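In what follows, a single structure is set out as C-alpha coordinates and then discussed.
The values are calculated or read from the model by the stated rules, or taken from the named source; none is laboratory data. These numbers come from a predicted model, not from an experiment. Backbone-built Cβ (ideal geometry, glycine too); neighbour counts: all protein chains shown. Accessible surface areas use protein heavy atoms only, side chains included; no ligands, DNA or RNA. Shrake-Rupley method; radii C 1.70, N 1.55, O 1.52, S 1.80 Å.
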Amino acid sequence: MNKKQIYILATGGTISAQGDEGKTLGYTNGVFKVKSLIKSIKGIEDVTKVNGEQIFNIASEDMSIDKLLILAKRINELSKLDNIDGFVITQGTDILEESAFFLNLVVKTSKPVVITGAMRPATSNSADGPNNLYDAILVASDEASIGKGVLVVFADYIIRARDVQKIDTFRPQAFAGKEFGCCGYIHDNIINFINKSLKPHTINSEFNIANINSLPKVGIVYFDVNLDSDIFDYYINHDYKGIVIAGSGSGMISKRWKSKIKEMTKNSIAVVRSSIATSGSVDRDSIDREYRTIPSYTLTPLKARILLSLALEKSNSYEYLKGVFEKY
Ligand code: DGL
(Lines give C-alpha, C1' and ligand atoms only; values in the text may rest on other atoms or scores of the structure.)
Protein backbone atom coordinates (compact mmCIF):
# COMPACT_ATOMS: atom_id res chain seq x y z
CA MET A 1 0.00 0.00 0.00
CA ASN A 2 1.25 3.49 -0.86
CA LYS A 3 2.12 5.54 2.16
CA LYS A 4 0.16 8.77 2.62
CA GLN A 5 2.15 11.97 2.17
CA ILE A 6 1.74 14.51 4.91
CA TYR A 7 2.94 18.09 4.76
CA ILE A 8 3.85 19.99 7.92
CA LEU A 9 3.53 23.75 8.09
CA ALA A 10 5.58 24.70 11.13
CA THR A 11 5.00 28.08 12.78
CA GLY A 12 6.96 27.94 16.08
CA GLY A 13 5.62 27.61 19.64
CA THR A 14 6.68 25.41 22.56
CA ILE A 15 6.84 22.36 20.33
CA SER A 16 9.89 24.02 18.74
CA ALA A 17 11.37 25.29 22.01
CA GLN A 18 14.62 24.61 23.82
CA GLY A 19 14.97 25.18 27.56
CA ASP A 20 17.02 24.14 30.56
CA GLU A 21 17.58 20.39 30.47
CA GLY A 22 14.58 18.67 32.09
CA LYS A 23 12.73 21.88 32.97
CA THR A 24 9.43 23.18 31.61
CA LEU A 25 9.66 26.95 32.24
CA GLY A 26 11.83 29.69 30.75
CA TYR A 27 12.51 28.24 27.30
CA THR A 28 13.29 29.76 23.91
CA ASN A 29 10.68 29.31 21.18
CA GLY A 30 11.58 28.43 17.62
CA VAL A 31 14.93 26.66 18.11
CA PHE A 32 13.86 23.34 16.56
CA LYS A 33 12.73 23.91 12.98
CA VAL A 34 10.58 21.69 10.86
CA LYS A 35 13.33 19.21 9.87
CA SER A 36 14.28 18.57 13.51
CA LEU A 37 10.63 18.24 14.46
CA ILE A 38 10.20 15.52 11.85
CA LYS A 39 13.37 13.77 13.07
CA SER A 40 12.12 13.81 16.67
CA ILE A 41 9.21 11.45 16.02
CA LYS A 42 10.19 7.84 16.25
CA GLY A 43 8.64 5.42 13.79
CA ILE A 44 6.60 7.85 11.71
CA GLU A 45 8.44 7.05 8.47
CA ASP A 46 7.23 3.44 8.78
CA VAL A 47 3.66 4.58 8.29
CA THR A 48 3.69 7.85 6.33
CA LYS A 49 5.94 10.07 4.24
CA VAL A 50 6.47 13.43 5.90
CA ASN A 51 7.72 16.70 4.43
CA GLY A 52 7.26 20.27 5.38
CA GLU A 53 8.25 23.89 5.54
CA GLN A 54 8.84 26.53 8.18
CA ILE A 55 6.17 29.06 7.24
CA PHE A 56 6.69 31.22 10.36
CA ASN A 57 8.85 30.92 13.45
CA ILE A 58 6.95 32.82 16.12
CA ALA A 59 5.30 32.43 19.49
CA SER A 60 1.61 32.09 18.77
CA GLU A 61 0.76 35.31 20.62
CA ASP A 62 2.57 37.04 17.73
CA MET A 63 0.26 35.42 15.21
CA SER A 64 -2.18 37.83 13.57
CA ILE A 65 -5.05 37.70 11.14
CA ASP A 66 -2.62 38.77 8.39
CA LYS A 67 -0.39 35.77 9.16
CA LEU A 68 -3.37 33.43 9.44
CA LEU A 69 -4.48 34.59 6.00
CA ILE A 70 -1.02 33.72 4.62
CA LEU A 71 -1.19 30.29 6.30
CA ALA A 72 -4.69 29.55 5.01
CA LYS A 73 -3.79 30.63 1.47
CA ARG A 74 -0.72 28.40 1.54
CA ILE A 75 -2.85 25.41 2.59
CA ASN A 76 -5.35 26.22 -0.17
CA GLU A 77 -2.57 26.39 -2.73
CA LEU A 78 -0.79 23.20 -1.59
CA SER A 79 -4.04 21.25 -1.27
CA LYS A 80 -4.29 21.20 -5.07
CA LEU A 81 -1.15 19.03 -5.28
CA ASP A 82 -1.70 15.31 -5.77
CA ASN A 83 1.40 14.45 -3.75
CA ILE A 84 -0.01 15.92 -0.53
CA ASP A 85 -2.72 13.91 1.23
CA GLY A 86 -3.04 15.90 4.41
CA PHE A 87 -1.61 18.75 6.49
CA VAL A 88 -0.29 19.19 9.98
CA ILE A 89 0.17 22.66 11.42
CA THR A 90 2.49 22.96 14.41
CA GLN A 91 2.05 26.08 16.48
CA GLY A 92 2.12 27.65 19.90
CA THR A 93 -0.80 26.61 22.02
CA ASP A 94 -1.82 30.03 23.30
CA ILE A 95 -3.98 31.11 20.38
CA LEU A 96 -4.45 27.64 18.89
CA GLU A 97 -8.22 27.70 19.41
CA GLU A 98 -8.47 30.89 17.32
CA SER A 99 -6.30 29.73 14.44
CA ALA A 100 -8.08 26.36 14.37
CA PHE A 101 -11.52 27.98 14.01
CA PHE A 102 -10.25 30.51 11.48
CA LEU A 103 -8.72 27.81 9.27
CA ASN A 104 -11.84 25.68 9.70
CA LEU A 105 -13.87 28.48 8.11
CA VAL A 106 -11.52 29.42 5.27
CA VAL A 107 -9.49 26.46 4.02
CA LYS A 108 -11.03 25.06 0.87
CA THR A 109 -10.11 21.41 0.94
CA SER A 110 -11.53 18.21 2.33
CA LYS A 111 -8.01 16.87 2.80
CA PRO A 112 -7.32 16.56 6.53
CA VAL A 113 -5.89 19.65 8.23
CA VAL A 114 -4.70 18.85 11.75
CA ILE A 115 -3.23 21.28 14.28
CA THR A 116 -1.00 20.36 17.16
CA GLY A 117 1.63 21.78 19.49
CA ALA A 118 3.14 21.06 22.87
CA MET A 119 2.91 22.30 26.43
CA ARG A 120 6.47 21.31 27.31
CA PRO A 121 9.65 22.25 25.43
CA ALA A 122 11.49 19.50 23.57
CA THR A 123 14.29 19.55 26.18
CA SER A 124 12.03 18.91 29.19
CA ASN A 125 11.50 15.56 30.87
CA SER A 126 8.62 13.81 29.08
CA ALA A 127 8.18 16.43 26.36
CA ASP A 128 4.71 16.05 24.85
CA GLY A 129 5.60 17.41 21.39
CA PRO A 130 6.85 14.23 19.69
CA ASN A 131 3.80 12.19 20.66
CA ASN A 132 1.37 14.97 19.74
CA LEU A 133 3.10 15.35 16.39
CA TYR A 134 3.14 11.60 15.74
CA ASP A 135 -0.59 11.42 16.50
CA ALA A 136 -1.36 14.50 14.41
CA ILE A 137 0.46 13.05 11.38
CA LEU A 138 -1.40 9.77 11.72
CA VAL A 139 -4.76 11.51 12.01
CA ALA A 140 -3.89 13.63 8.95
CA SER A 141 -3.15 10.45 7.00
CA ASP A 142 -6.31 8.63 8.04
CA GLU A 143 -9.12 8.28 5.45
CA ALA A 144 -11.64 8.84 8.23
CA SER A 145 -10.30 12.39 8.76
CA ILE A 146 -11.24 13.47 5.22
CA GLY A 147 -14.04 16.05 5.19
CA LYS A 148 -14.15 16.42 8.98
CA GLY A 149 -12.99 20.04 9.02
CA VAL A 150 -9.91 21.26 10.84
CA LEU A 151 -9.04 18.98 13.74
CA VAL A 152 -6.91 19.60 16.80
CA VAL A 153 -4.90 16.63 18.04
CA PHE A 154 -3.54 17.02 21.54
CA ALA A 155 -2.81 14.65 24.41
CA ASP A 156 -4.46 11.68 22.66
CA TYR A 157 -7.69 13.52 21.82
CA ILE A 158 -9.04 14.68 18.46
CA ILE A 159 -11.12 17.83 18.96
CA ARG A 160 -13.20 19.83 16.45
CA ALA A 161 -11.77 23.27 15.66
CA ARG A 162 -15.11 24.95 16.33
CA ASP A 163 -15.35 23.66 19.86
CA VAL A 164 -11.76 23.41 21.05
CA GLN A 165 -10.68 25.58 23.98
CA LYS A 166 -7.41 25.88 25.84
CA ILE A 167 -8.36 24.84 29.35
CA ASP A 168 -5.03 24.72 31.15
CA THR A 169 -1.96 26.93 31.32
CA PHE A 170 0.73 24.29 31.88
CA ARG A 171 -0.44 20.69 31.93
CA PRO A 172 -0.14 18.54 28.78
CA GLN A 173 -3.88 17.87 28.70
CA ALA A 174 -4.49 21.50 27.84
CA PHE A 175 -7.29 21.29 25.27
CA ALA A 176 -10.89 20.17 25.40
CA GLY A 177 -14.15 20.56 23.55
CA LYS A 178 -15.74 21.24 26.95
CA GLU A 179 -19.35 20.01 27.05
CA PHE A 180 -19.17 19.06 23.35
CA GLY A 181 -16.37 16.61 24.03
CA CYS A 182 -13.76 15.32 21.65
CA CYS A 183 -14.66 13.78 18.29
CA GLY A 184 -12.23 10.91 18.68
CA TYR A 185 -9.07 9.66 20.23
CA ILE A 186 -5.80 8.11 19.18
CA HIS A 187 -3.81 5.45 20.99
CA ASP A 188 -0.56 4.42 19.29
CA ASN A 189 -1.80 3.67 15.76
CA ILE A 190 -5.44 3.21 16.64
CA ILE A 191 -7.62 6.14 15.58
CA ASN A 192 -11.20 6.09 16.68
CA PHE A 193 -13.70 8.76 15.61
CA ILE A 194 -16.83 8.87 17.68
CA ASN A 195 -18.74 11.85 16.24
CA LYS A 196 -18.48 14.72 13.77
CA SER A 197 -19.47 18.36 13.47
CA LEU A 198 -22.79 19.25 11.86
CA LYS A 199 -21.74 22.88 11.43
CA PRO A 200 -20.50 24.08 8.02
CA HIS A 201 -16.74 24.21 7.54
CA THR A 202 -13.96 24.21 4.90
CA ILE A 203 -15.45 23.50 1.44
CA ASN A 204 -18.99 24.13 2.74
CA SER A 205 -18.28 27.43 4.41
CA GLU A 206 -19.29 30.62 2.61
CA PHE A 207 -16.08 32.46 3.49
CA ASN A 208 -13.57 32.77 0.71
CA ILE A 209 -10.28 34.52 1.39
CA ALA A 210 -8.75 34.18 -2.06
CA ASN A 211 -8.79 37.93 -2.68
CA ILE A 212 -8.67 39.16 0.89
CA ASN A 213 -5.58 40.56 2.63
CA SER A 214 -7.13 41.93 5.80
CA LEU A 215 -10.39 41.71 7.71
CA PRO A 216 -12.63 44.32 9.36
CA LYS A 217 -11.58 45.17 12.90
CA VAL A 218 -13.58 43.45 15.63
CA GLY A 219 -12.88 43.90 19.36
CA ILE A 220 -13.82 41.94 22.46
CA VAL A 221 -15.06 43.76 25.54
CA TYR A 222 -15.07 41.79 28.78
CA PHE A 223 -17.86 42.79 31.15
CA ASP A 224 -17.32 43.25 34.86
CA VAL A 225 -19.53 44.67 37.54
CA ASN A 226 -17.78 48.04 37.64
CA LEU A 227 -16.73 48.73 34.05
CA ASP A 228 -18.37 51.80 32.59
CA SER A 229 -19.36 52.24 28.98
CA ASP A 230 -16.54 54.65 27.99
CA ILE A 231 -14.59 51.59 26.93
CA PHE A 232 -16.71 51.48 23.76
CA ASP A 233 -15.56 54.96 22.71
CA TYR A 234 -12.14 53.56 21.96
CA TYR A 235 -13.61 51.08 19.48
CA ILE A 236 -15.97 53.65 17.96
CA ASN A 237 -13.13 56.12 17.46
CA HIS A 238 -10.76 53.53 16.00
CA ASP A 239 -12.99 52.34 13.20
CA TYR A 240 -13.99 48.97 14.65
CA LYS A 241 -16.81 47.44 12.62
CA GLY A 242 -17.88 44.98 15.28
CA ILE A 243 -17.68 44.23 18.98
CA VAL A 244 -18.09 40.93 20.77
CA ILE A 245 -19.23 41.37 24.33
CA ALA A 246 -18.15 38.79 26.85
CA GLY A 247 -21.21 39.49 28.96
CA SER A 248 -22.04 38.08 32.37
CA GLY A 249 -23.91 34.76 32.54
CA SER A 250 -26.04 34.36 29.44
CA GLY A 251 -24.51 37.43 27.78
CA MET A 252 -26.02 40.00 30.15
CA ILE A 253 -24.98 43.65 30.32
CA SER A 254 -25.68 46.58 32.61
CA LYS A 255 -28.13 49.42 31.97
CA ARG A 256 -25.22 51.81 31.41
CA TRP A 257 -23.84 49.58 28.68
CA LYS A 258 -27.21 49.16 27.01
CA SER A 259 -27.63 52.76 25.87
CA LYS A 260 -24.13 52.80 24.38
CA ILE A 261 -24.79 49.53 22.61
CA LYS A 262 -28.02 50.90 21.15
CA GLU A 263 -26.06 53.87 19.81
CA MET A 264 -23.44 51.55 18.25
CA THR A 265 -25.88 49.20 16.54
CA LYS A 266 -27.80 52.24 15.20
CA ASN A 267 -24.51 53.38 13.66
CA SER A 268 -23.95 49.99 12.00
CA ILE A 269 -21.36 48.65 14.43
CA ALA A 270 -22.29 44.99 14.84
CA VAL A 271 -22.56 43.84 18.46
CA VAL A 272 -22.48 40.14 19.32
CA ARG A 273 -23.27 38.88 22.81
CA SER A 274 -21.16 36.02 24.15
CA SER A 275 -20.28 35.21 27.74
CA ILE A 276 -17.49 35.26 30.30
CA ALA A 277 -18.69 31.78 31.23
CA THR A 278 -16.61 29.13 29.46
CA SER A 279 -19.45 26.78 28.65
CA GLY A 280 -23.18 26.96 27.92
CA SER A 281 -24.95 29.09 25.34
CA VAL A 282 -26.06 32.69 24.82
CA ASP A 283 -29.40 32.40 23.07
CA ARG A 284 -31.61 34.94 21.37
CA ASP A 285 -33.78 36.92 23.76
CA SER A 286 -35.59 40.23 24.14
CA ILE A 287 -32.30 42.16 24.52
CA ASP A 288 -31.43 41.26 20.93
CA ARG A 289 -34.76 42.48 19.61
CA GLU A 290 -34.54 45.75 21.52
CA TYR A 291 -30.84 46.54 21.00
CA ARG A 292 -30.23 44.75 17.68
CA THR A 293 -27.50 42.63 19.20
CA ILE A 294 -26.72 39.11 18.01
CA PRO A 295 -26.33 36.10 20.29
CA SER A 296 -23.20 33.97 19.81
CA TYR A 297 -24.97 30.73 20.86
CA THR A 298 -22.22 28.27 21.85
CA LEU A 299 -19.30 30.27 20.47
CA THR A 300 -16.90 31.70 23.03
CA PRO A 301 -15.88 35.38 22.64
CA LEU A 302 -12.65 34.38 20.85
CA LYS A 303 -14.50 32.20 18.36
CA ALA A 304 -17.30 34.74 17.92
CA ARG A 305 -14.72 37.42 17.11
CA ILE A 306 -13.25 35.31 14.29
CA LEU A 307 -16.68 34.56 12.83
CA LEU A 308 -17.86 38.17 13.07
CA SER A 309 -14.82 39.55 11.27
CA LEU A 310 -15.17 37.04 8.42
CA ALA A 311 -18.90 37.72 8.15
CA LEU A 312 -18.42 41.51 8.23
CA GLU A 313 -16.08 41.18 5.28
CA LYS A 314 -19.13 40.01 3.29
CA SER A 315 -21.87 42.25 4.69
CA ASN A 316 -22.82 44.29 7.74
CA SER A 317 -26.55 43.69 7.34
CA TYR A 318 -28.07 42.74 10.69
CA GLU A 319 -30.16 39.94 9.16
CA TYR A 320 -27.12 38.45 7.41
CA LEU A 321 -24.95 38.53 10.55
CA LYS A 322 -27.74 37.10 12.71
CA GLY A 323 -28.10 34.23 10.23
CA VAL A 324 -24.37 33.53 10.22
CA PHE A 325 -24.34 33.08 14.00
CA GLU A 326 -27.37 30.79 13.80
CA LYS A 327 -25.63 28.70 11.17
CA TYR A 328 -22.03 28.39 12.32
N1 DGL B 1 3.66 31.49 24.20
C2 DGL B 1 3.60 30.36 23.55
C3 DGL B 1 2.99 30.20 22.20
O4 DGL B 1 1.79 30.12 22.14
C5 DGL B 1 4.25 29.13 24.01
C6 DGL B 1 3.17 28.34 24.61
C7 DGL B 1 2.93 27.05 23.89
O8 DGL B 1 3.24 26.83 22.72
O9 DGL B 1 2.41 26.20 24.60
O10 DGL B 1 3.70 30.13 21.22
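In table form, for the structure just shown:
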quantity: Counted charge near PHE87, where neighbours are those whose Cβ lies closer than 12 Å (Asp, Glu -1; Lys, Arg +1); calculated: 0
quantity: Positive-end residue of TYR157, ALA122, VAL107, charge dipole of the range 106-185 with Cβ unit charges; calculated: VAL107
quantity: Within the chain, helix-based [θ] at 222 nm, where runs of 4 or more DSSP H residues each add -39,500 (n - 2.57), nearest 500; calculated: -8500 deg cm²/dmol
quantity: Percentage of interatomic Cα-Cα distances in the range 3-128 larger than 18 Å; calculated: 51
quantity: Qualifying chymotrypsin sites (Phe, Trp or Tyr not before Pro) in the range 78-182, DSSP loop, other Cβ atoms within 10 Å at most 11; calculated: PHE170
quantity: Å² per residue, accessible surface of the chain at 1.4 Å; calculated: 44
quantity: With eigenvalues of the C-alpha gyration tensor scaled by 5 and rooted, the range 144-230, Å; calculated: 29, 22, 11
quantity: 16 Å Cα-Cα reach of LYS217 towards aspartates and glutamates, excluding residues that sit fewer than 8 places from it in its own chain; calculated: ASP66, GLU98, ASP233, ASP239, GLU313
quantity: C-alpha long axis of helix 255-266 to longest principal axis of the chain, angle in °; calculated: 80
quantity: Which of ILE190, SER40, THR300, positive extreme of dipole for the chain (C-beta unit charges); calculated: THR300
quantity: Among the listed pairs LYS108/LYS303; LYS178/LYS266; LYS23/LYS49, those beyond 28 Å (Cα-Cα); calculated: LYS178/LYS266; LYS23/LYS49
quantity: Rounded to whole Hz, the Karplus (6.51, -1.76, 1.60) HN-Hα couplings of the range 180-197, x for glycine and proline; calculated: 8, x, 9, 9, x, 9, 9, 9, 6, 9, 9, 10, 10, 8, 10, 6, 9, 6
quantity: Coarse-grained scattering of the chain at q = 0.14 Å⁻¹, given as base-10 log I(q)/I(0) from a Debye sum over alpha-carbon atoms; calculated: -1.06
quantity: Carbon + sulfur, % of accessible area of the chain - ligands and nucleic acids excluded, 1.4 Å; calculated: 49
quantity: Rounded tilt (10° steps) of 96-106 against the dominant C-alpha axis of the chain; calculated: 80
quantity: Helix 65-78 vs. the chain, principal-axis angle (Cα, 0 to 90°, nearest 10); calculated: 50
quantity: Global geometry of the range 170-328, whether rounded, prolate or oblate, following the gyration tensor of its Cα atoms and the 1.5 cut on a/c; calculated: prolate
quantity: Of the trypsin sites (Lys or Arg not before Pro) in the range 59-101, those whose Cβ has at most 14 other Cβ within 10 Å and which sit in DSSP loop; calculated: LYS80
quantity: Full-extension gain in nm, ILE190 to SER286, via 0.36 nm per residue minus C-alpha separation; calculated: 29.7 nm
quantity: Exceeding the 18 Å Cα-Cα cut-off - candidates LYS80/LYS327; LYS67/LYS166; LYS199/LYS322; calculated: LYS80/LYS327; LYS67/LYS166
